[in-house]
Amino acid sequence: MHVSNSTDSSGVAPDRYLTTDAVAERLGVSARTIHRLIDAGELAAFRVGRQRRVAESDLGAFVEEYRERPDRARRAAAAGQARRLPTERR
């Protein structure tokens, strides 16, 4: 019997896939917010039957995209262009 390693042939660990509830818990938001982000195309996901799954790598990319950086936030504030998530109301 062959037992597979935790990495693929490229040496990269394969993604783990999270439920929308697990993603919501990690980000400290509601599952509905996660569904809105997916529907808006801001967070990549796929369906398994009626359930949605998010790859950990896609969640990481999303967090990096929206991570506040002092220099970017300062420039955006100076230009009056605070970046908001699609679920935030103005």
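Between the beta carbons of Arg16 and Arg69, assuming R0 = 25 Å, the FRET efficiency works out to 0.40 to the nearest 0.05. Assign one of three labels to region 17-79, namely rounded, prolate or oblate, based on the Cα gyration tensor with a ≥ b ≥ c the square roots of its eigenvalues; rounded applies when a/c is under 1.5, prolate when it is not and a/b is larger than b/c, and oblate otherwise. Prolate, since a/c reaches 1.5 and a/b exceeds b/c.
Ranking request for peptides 56-63, 45-52: highest mean number of other beta-carbon atoms within 10 Å first, then the rest in descending order.
56-63, 45-52
Read-outs: derived from the displayed coordinates by stated rules, not from any lab. Just so it is clear, the model here is predicted, and its values are computed rather than measured. Please note: Cβ atoms are built from the backbone with ideal geometry, for glycine as well, and neighbour counts cover all protein chains shown.
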